[in-house]
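Data block below; observations after.
Quick note: the coordinates plus some simple rules give every number you see, no bench work behind them. Source: prediction; values computed, not measured. For neighbour counting, all protein chains shown are included, and Cβ atoms are generated from backbone atoms with ideal geometry for every residue, glycine included.
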There are 2 protein chains.
Amino acid sequence: MKIDIALLPRDVTMGDLSDKVCIVLDIFRATTSIVTSVANGCKTMVPVLSVEDALALAGQIGPVLFAGERQSIKIEGFDFGNSPFEFSTDKVKDKTIIMTTTNGTIAIKATEGAHHTLIGSFLNAKAVCLEAQKYGKDILIVCAGTDGLFSLEDTLCAGLLVQLLHSEGETQMTDSARGALLMYTEAKDKLVETAVDSRNGKRLQDLNRMDDVEYCFRIDTLQVVPQYIEGRIILNENTI
Amino acid sequence: MKIDIALLPRDVTMGDLSDKVCIVLDIFRATTSIVTSVANGCKTMVPVLSVEDALALAGQIGPVLFAGERQSIKIEGFDFGNSPFEFSTDKVKDKTIIMTTTNGTIAIKATEGAHHTLIGSFLNAKAVCLEAQKYGKDILIVCAGTDGLFSLEDTLCAGLLVQLLHSEGETQMTDSARGALLMYTEAKDKLVETAVDSRNGKRLQDLNRMDDVEYCFRIDTLQVVPQYIEGRIILNENTI
């Protein structure tokens, strides 16, 4: 099994993804919030790029809730921003939520055509690795980055996933996978401090969202594996 | 002073480079060979993309030598391949060498318009950092990568440069600079072993060029700083 990391969505090779399992990471905060929301019973999350797309889609699919942020701040009139703490069971259970994100949505859509696309985070690291391995395919971890720039927090999580996948069996790592593993190994005992120095970590700290930073770096607290299929995110049928 | 790393030439921001000092790294083996060659008295090295460009240019500028490889093997009829051991004083002193490389040339040309473009490697790590700092500008380290893919050895060297630059004064690091620093810090006591596991390291090992791998990871053995200016590489006037 080969493990590769696309450090940015544009690094996803243009080749055939149909024989690969992709894991998408947007740690601050889209995929962390998606994993939390699905763990709390959300039925479907639909990632879209813009507010206009969200509104147009809502007109087609019926009663929905809206989630979205711009520059880490909730879009006016929306039901949720992008903090994982907002997606509590009482608010999300059995709901369909349309979520507008830029980086996360671009990363998810970059994997279209993959054998499977799974949604990862620190919270469900082990669960998403176990699920990804089941298919016996090569694994491509896709980091969302931020506005086309490398994001430290996404790559640290990718490094954790490489460590978990590598410890489970014979793997071949690409250079980016080896690099992310080195990065994670060096930072693993100081993840939150490292994250606070990152660009997105600093911004969240400035917005008094250190609770979000700390939450996003909790490892293996959730066992769910959301899956992206036909334009929407649902609970993978193999997970409970 | 801000320190940024472009993990690939395409990550060089399209913005204004005129206020930045760039350091280009192509560890296996273009920039290592350039630094070696200039240290051994080579007058000028001209990086070009193709054999055709090399021959056309030779017709314009007079007596030259040719260096170049494809898939790590010397181009037939050329004077040098791309092993740093070939660029010995008796062969390069006072010569002009046209060098065809793909990754290195793309990386160097991506910095056109920069305040200064310097050629870096493990060999001249400290020297290139000292030179880069002299200008009081933000520093962008450009990793050549390999055929558009992330290269571990380039990013490890970038991490060393970040460490050196950071230890010398107040710096702001971007996420990619922090990531490379973490990577280097974890790998610094096992650089050659780490490099041998990389894609290019494996290829050189398969070609029985472990001497090259080890040479390319020698730190601070040379004090020269080649500079790219007006299409050619010469010894920076401040270094001896």
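Here are a few things to note about the model shown:
- Label point 7 Å beyond Cα along the C-beta direction, distances from A:G148 to other copies (nm, shortest first): 1.6
- Cα-Cα over 19 Å, subset of A:K2/A:K190; B:K20/B:K109; B:K109/B:K134; B:K91/B:K202: A:K2/A:K190; B:K109/B:K134; B:K91/B:K202
- For chain B, the relative contact order is 33 percent, taking Cα pairs closer than 8 Å that sit 6 or more residues apart in sequence and dividing their mean separation by the residue count.
- Exam field: A:K188 pseudo-label spacings to other copies (7 Å along Cα-Cβ), nanometres: 2.0
- Every Cα-Cα pair in segment A:13-60 was counted, and those over 14 Å apart are 67% of them.
- Radius of gyration, Dmax [segment B:10-114; alpha carbons; angstrom]: 13.9, 42
- Over segment B:110-240 - Rg/Rh using Cα atoms and the Kirkwood inverse-distance radius: 0.96
- DSSP beta bridge pairing in segment A:1-112, given as percent antiparallel to the nearest 5: 15
- Diffusion coefficient (Stokes-Einstein, Kirkwood radius over C-alpha pairs, 4 °C, 1.567 mPa s) for segment B:104-170: 103 µm²/s, rounded to a whole number.
- Taking every DSSP beta bridge that has both ends in the protein assembly as shown, the antiparallel portion is near 30%.
- At the listed q of 0.11, 0.19 Å⁻¹, the Debye profile of segment A:130-205, built from one uniform point per Cα, gives log10 I(q)/I(0) equal to -0.31, -0.82.
- For the protein assembly as shown, the spread of Cα positions along the three principal axes, ordered from largest to smallest, is 78, 45, 41 Å.
- Ratio of the Cα radius of gyration of segment A:171-240 to 2.2 N^0.38 Å, where N counts its residues: 1.43
- Nearest 10 degrees, 0 to 90: helix A:152-167 Cα axis against chain A principal axis: 50
- Taking the DSSP bridge list for chain B and keeping only pairs wholly inside it, about 30 percent are antiparallel.
- Each label was represented as a point 7 Å from its Cα along the Cα-to-Cβ direction; for B:D16 and A:Q60 these points are 4.4 nm apart.
- Solvent-free Debye calculation, one equal scatterer per alpha-carbon of chain B: log10 I(q)/I(0) at 0.16 Å⁻¹ equals -1.10.
- C-alpha long axis of helix A:30-39 to longest principal axis of chain A, angle in °: 80
- Annotation for segment A:40-101: trypsin sites (Lys or Arg not before Pro) lying in DSSP loop with at most 14 further Cβ atoms inside 10 Å of their Cβ are A:K93.
- Label geometry 7 Å along the beta-carbon vector: B:D94 inter-copy distances in nm: 9.0
- Chain B's nearest residue to the axis relating it to A, judged by Cβ and reported with the distance in whole Å, is B:E186, 2.
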